[in-house]
Amino acid sequence: MIPVRAYFRLFTGYLRPHRAKATLLGALLLTTIALQLANPQLIKRFIDGAVAGEPASALIPIAIAFIVIALTHQLFAVWATYLAEQIGWSATNQLRADLTDHVLRLDMGFHKGTSPGELIERIDGDVTALSNFFSSMIIKVLGNGALLLGILVLLWLESWIVGLAITVFTVGTFLGLFRLHGVIVPWQKEIRATSAEMYGFIGEQVDGREDIEASGATEFMLSRFDAIQRKWLPQVIRGWTGWAMMWSASMALYFVSIAVVFVFGSLLFGVGALTLGSVYLVYQYVEMAHRPIEQIREELIDLQKAGASIERVEELLARESALIPRNDRRLPDEPLGVQFENVTFRYDDEAGNETILDNVSFDIAPGRVVGLLGRTGSGKSTIARLVTRMYEPQGGVVRIGGLATWDIDIADLRRRVAMVTQDVQLFRATVRDNLTFFDNSISDERLLEVIHRLELDEWLASLPAGLDSKLESGAGGLSGGQAQLLAFTRVYLRDPEVVVLDEASSRLDPATEALLERAVDHLLENRTAILIAHRLATVARADDIVILEDGRVVEYGERRRLESDPKSVFSRLLATGMNEALT
Ligand code: ATP
Ligand code: MG
């Protein structure tokens, strides 16, 4: 049924600031209804007066009153609609903002599992359905309901036989339409689900265009597109058929009702029970009742849709981030160390899924640099994500500065712990905006100073327009190495105390490699660091070494000691080269 209760449960808070306007809206609505009901009474007076041969001087004021009332009614109706839309939209805009905020706080697990298109559909699509709900609900359903009630009361007053006949008829119409409605609603739901799927699919395809085209998967993707379309089309056709069934049923009922009026009217007029004016009045009211019935019926479909939307919005709001800090503590004002204590982690929380990290422990004292080695898929980037609290371990604990990551205020954590990911995300914007994340308060002098400090002046000079060079989104426009240089600068600007560098696995040209090496050296000065390395040169600067295999630590110790121990995995690695030993 119509989810009025759920709607107000969700919206009371959002509607409260608009109470004054809502009251005005109510008053306006009642006035427009009264005005609408008054006009046929004037026509009745006019017709009866004219039939009785009253002079024009008596009839003209009636005509003028009719026109004034009709105009005022229109004016008030526009005003009421405007108010209802305004209230509906300002309340739901607030909801949109809150939802966006909420979603941004959700964990990576949620974001990996929800496509961007689906998110847009849920935040914007569902909420738009709700903003329509308010104006439709108030104006069309409640307003028209009151109008209908007024019409019936006035008909009873005019003649009880007509009143009874039309009441029975109206109730019957509603019952019939409701029943039909119950059949159609599930069809509408299916359409909406498929359309969400479709937009999700399209969003993903647009995102992955390069890979799809490069791997020649276009045909296959098109066939999936086709499959969704094939599912969608019959659903839409059925949905519209349902709509047409409703429409024709209600039209048929309308014509029957007019016929009833003419039959009863002429009979009653014939025996002198009704005047000509009264017959016209009845006709006018019945004609007038058609529109509210029609509108209420149409709105019912929207209102039902709103039910599904409310459900989804509430579900989204109720979705708690797996990452809500339990304590919101601030990190201590001293150099920070990082500890992993028996950390066990799975991406998918359900038991039985693949364990990615198995009982991983190591302890990085403040200011020390740990080199993390392991073959592809061994869980290195996963460790980086746990340090930066993109995810939370299922077992054990990750500590920074002595605090468990889940106890740390997330903003504080982001300020003091930074990560350079393996594939750096660039925005379609200038190099400057890419470095500052669109923060205009960072001056060019500061940027240039940082670039200079990282010895990247040459790199900057090699860009076509310096800081103003435009980059493409994704990783377009820069090589993997260059993108990492840019990411280093980003991190250096923020000056965190703990850095996690997840080195790009792509091979670099020697010039970029040299630049990167020097930049890494500068970045590590006076910081605690985890260096995820794909090249042995990178770990040469590490104090300690952790070697990971299938999510387990197979070797952990001081680099120098491991180097000099011929039996260590690390020294074997040094002897045979990284690729040979690990991959
Ligand atoms: P590489 O050297 O290729 O960067 P890695 O050591 O960084 O590898 P991880 O990215 O940590 O490896 O991945 C470890 C395992 O976790 C892999 O088996 C991978 O398939 C899985 N994995 C990584 N990210 C996710 C994710 N978001 N959801 C589910 N599984 C994931
Ligand atoms: Mg990785």
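The values are calculated or read from the model by the stated rules, or taken from the named source; none is laboratory data. All figures in this text were calculated on a predicted structure; none of them were measured in a lab. Every residue, glycine as well, gets a Cβ built from its backbone with ideal geometry; the counts of neighbours run over all protein chains shown.
Taken over segment 377-410, residues that are more than 13 Å from ligand 1 (Cβ to nearest atom) and closer than 17 Å to Ala533 by Cβ amount to 0.
Let's see how each residue does on (1) touching a Gly at 6+ places or on another chain (Cβ under 7 Å); (2) under 30 Å from Ala365 (Cβ atoms); (3) within 16 Å of ligand 1 (Cβ to nearest atom):
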{"site": "Val417", "(1), (2), (3)": "no, yes, no"}
{"site": "Thr430", "(1), (2), (3)": "no, no, no"}
{"site": "Ala461", "(1), (2), (3)": "no, no, no"}
{"site": "Gly480", "(1), (2), (3)": "no, no, yes"}
{"site": "Arg490", "(1), (2), (3)": "no, yes, no"}
{"site": "Val499", "(1), (2), (3)": "no, yes, no"}
{"site": "Glu503", "(1), (2), (3)": "no, yes, yes"}
{"site": "Leu508", "(1), (2), (3)": "yes, no, yes"}
{"site": "Glu517", "(1), (2), (3)": "no, yes, no"}
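For Ala461, the test of being loosely packed, with under 12 Cβ neighbours inside 10 Å, over 34 Å from the mean Cα position of the chain (by Cα) and over 27 Å from Glu525 (Cβ atoms) is failed. When each of Asn440, Asn434 is tested for being buried (at least 18 other Cβ atoms within 10 Å of the Cβ) and either assigned by TED's automatic domain parsing to the domain that holds Arg368 or closer than 30 Å to Asp328 by Cα (or both), the lone residue that passes is Asn434. For segment 167-219, the set of residues classified as out of contact with any helix residue (DSSP H, G or I) (no Cβ under 8 Å at 6 or more places or on another chain) and among the charged types (D, E, K, R) consists of Arg179, Arg209, Glu210, Asp211, Glu213, Glu219, listed by residue number. The strands (runs of 3 or more DSSP E) falling completely within segment 336-386 that include 1 or more residues that are within 16 Å of ligand 2 (Cβ to nearest atom) and more than 29 Å from Gly577 (Cα to Cα) map to 338-345. Show the residue pairs meeting these rules: Cβ distance below 7 Å; 6+ apart or different chains; first residue within segment 431-442 and of a type outside the set (Val, Ile, Thr); second residue surrounded by 12 or more Cβ atoms within 10 Å (Cβ to Cβ) and part of a loop (DSSP other than H, G, I, E, B). Going by the 7 Å Cβ cut-off, the qualifying pairs are Asp433/Phe427; Asn434/Phe427; Asn434/Leu471. Residues satisfying the criterion are absent from segment 298-315 (criterion: surrounded by fewer than 15 Cβ atoms within 10 Å (Cβ to Cβ) and farther than 30 Å from Arg192 by Cα).
State yes or no: is Val343 within 16 Å of ligand 1 (Cβ to nearest atom) and either farther than 30 Å from Lys189 by Cβ or not assigned by TED's automatic domain parsing to the domain that holds Glu549 (or both)? Answer is yes for this residue.
Determine, yes or no, whether Val554 is touching a strand residue (DSSP E or B) at 6+ places or on another chain (Cβ under 7 Å), exposed (fewer than 15 other Cβ atoms within 10 Å of the Cβ) and not in a loop (DSSP other than H, G, I, E, B). Taking the combined requirement at face value, the residue satisfies it. Among the residues making up segment 519-537, those that are within 16 Å of ligand 1 (Cβ to nearest atom), modelled with pLDDT of 90 or more and more than 18 Å from Leu454 (Cβ to Cβ) are Ile530, Ile532.
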